[in-house]
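Student: One structure follows; several queries about it will come next.
Every number in this text was worked out from the coordinates using simple rules, so none of it is lab data. What you are looking at is a predicted structure, and each value in this text was computed from that prediction instead of being measured. So basically every Cβ, Gly included, is an ideal-geometry build from the backbone, and we count neighbours across all protein chains shown.
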Amino acid sequence: MKDKVKILMVDDRVENLLALEAILESNSYDLIRANSGHEALKQVLEHDFALILLDVQMPEIDGYETASLIRMREKSQHIPIIFITANYQEQEQINKGYELGAIDYILKPVNPANLRYKVARFVELYNYQDEMIEEEMLRSHQLRLLGEMAAGVSHEVRNPITGVRAYLQLMQGKSEFLHYQEDISLMISELDRARLLISEFLSLGRSRTSQFEMDNLNTIVNALKPLILADAKHHKMTAIIEISDVPDFSLNSKEIRQIILNLCRNALEAMAPGGRLVIKTYLENDQVVLSIQDQGKGINPEILKKLGTPFLTDKENGNGLGLSICYSIAARHNAAIEVSTSSKGTMFFVKFKL
């Protein structure tokens, strides 16, 4: 059973606290009282709250001062605060409340339906943020486990593969195996595919510090342009590359090259022949943005919710590592990956903070 969401109610009059409890009584809420600013600060130290309902007029320290002290603590500085007041506030006082982090004012006597609606919306937002944090923690945990696993088994798997491949190449050169050349070539090809999978697995699990230097995203895209155009032509598609002036920033060129190729490969695999791949670079809100757009059928909503999870894929022959590697590289570059998808295609945005 999911834990109740904690809501802090702060008022120096017990009858007001009882009234708020009666309005907000729910199996989903854990309503906690505080009869002063000092008590509110104590509760904030002990609990994680989704919302604070804070009376403005209180003795000793009023609601504004209480809000200011709550905002000074890193863990509680983003908790939404709704001020509750018995009197209409002057615009100067209202502005002061908003500067202290208030997201709304409610006048006494409280309208029950209005209060219930507002509280419900903020609880929904809190639950959504909580789910996002849990998913990110799960993804980080999976990546860490994969890294540990990759480090432990990579050499043990690679060594016999290398030995078998060498022996097959030796057999290829012998006359008695001429009738089996096609079979031997197929086996070597499969071994090479296994080695590539191991390399991607190791790249995903890499935890060492990347080597960064000042470089330009456009330089990397231009260097990859012939390869991207050839790959698109091979798939009977077209590729359009549009670059805008962007500033240099600290990056690992090999890893950025990998993230571009992985996203382009995914885009090409998502489309039918005749599709168009569009790659752009541009500057937006002090961020260097790489966007890659395809004209595929879009990403399945169930896959979209867990995008970047290792081994999660809807491709028939996919291994689910490509996007996981992209997310891992983005994290090392303090970059964010955003996705926009529909039945007409998908756009990936990699946003690098300057």
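Student: Which of the peptides 106-113, 234-241, 274-281 is most tightly packed, and how do the rest follow, going by the mean number of other Cβ atoms within 10 Å of each residue? Show your work: numbers first, answer last.
Tutor: Details: 106-113: 13.0, 234-241: 15.0, 274-281: 18.2.
Sorting 106-113, 234-241, 274-281 by mean packing, highest first, produces 274-281, 234-241, 106-113.
Student: Can you tell me how much longer the chain between Lys353 and Ala331 gets when fully stretched, taken as 0.36 nm per residue apart minus their C-alpha distance, in nm with one decimal? Working shown, then result.
Tutor: Values: separation 22, 0.36 × 22 = 7.92 nm, distance 1.14 nm.
Here the segment from Lys353 to Ala331 would lengthen by 6.8 nm.
Student: Would you please give the FRET efficiency between Ala272 and Glu190, computed as 1/(1 + (r/R0)^6) with r the Cβ-Cβ distance and R0 = 25 Å, to the nearest 0.05?
Tutor: Details: r = 27 Å, r/R0 = 1.08.
Here the calculated transfer efficiency is 0.40.
Student: Can I ask one more? Quote to one decimal, in nm, the extra length available between Ser175 and Glu21 on full extension: 0.36 nm per residue of separation minus the C-alpha distance between them.
Tutor: 46.5 nm
Student: Given a Förster radius of 35 Å and the C-beta distance between Tyr282 and Lys4 as r, what FRET efficiency does 1/(1 + (r/R0)^6) yield to the nearest 0.05? Numbers along the way, then the final one.
Tutor: Numbers: r = 46 Å, r/R0 = 1.30.
My answer for the efficiency is 0.15.
Student: Around Phe49, which amide H atoms from residues at least 5 apart in sequence, or from another chain, sit under 5 Å from its own amide H, with H modelled in the peptide plane?
Tutor: none
Student: At 0.36 nm per residue, minus the direct Cα-Cα distance, what do Ser68 and Asp30 gain on full extension? Give it in nm, one decimal, please. Show your work: numbers first, answer last.
Tutor: On the way: separation 38, 0.36 × 38 = 13.68 nm, distance 2.40 nm.
Net length gain for the segment: 11.3 nm.
Student: While we're here: Enumerate the amide H contacts of Ile84 below 5 Å, restricted to partners 5 or more residues apart or on another chain; note that Pro and chain-start residues carry no placed amide H.
Tutor: Amide H neighbours of Ile84, under 5 Å, 5+ apart: Leu54, Asp55, Val56, Ile106.
Student: Here's something else I'd like to know. Can you work out the FRET efficiency for the pair Glu60 and Ile103, with r the C-beta to C-beta distance and R0 = 35 Å, to the nearest 0.05?
Tutor: Working: r = 25 Å, r/R0 = 0.70.
About 0.90, to the nearest 0.05.
Student: Could you list which residues have their amide H under 5 Å from that of Gly296, counting only those 5 or more apart in sequence or on another chain, with H placed in the peptide plane?
Tutor: Thr346
Student: Further, regarding this structure: Go through segment 1-53 and name the trypsin sites (Lys or Arg not before Pro) that are in a DSSP coil and have 14 or fewer other Cβ atoms within 10 Å of their Cβ. List each step's numbers first, then the result.
Tutor: Numbers: sites: Lys2, Lys4, Lys6, Arg13, Arg33, Lys42; in loops: Lys2, Lys4, Arg13.
Within segment 1-53, the qualifying trypsin sites (Lys or Arg not before Pro) (loop, at most 14 other Cβ atoms within 10 Å) are Lys2, Lys4, Arg13.
Student: What are the equivalent ellipsoid semi-axes of segment 1-66, built from the alpha-carbon gyration tensor (square roots of five times its eigenvalues), in whole angstrom, biggest first? Spell out each step's value before the answer.
Tutor: Values: eigenvalues 86, 40, 12 Å².
Values for segment 1-66, descending: 21, 14, 8 Å.
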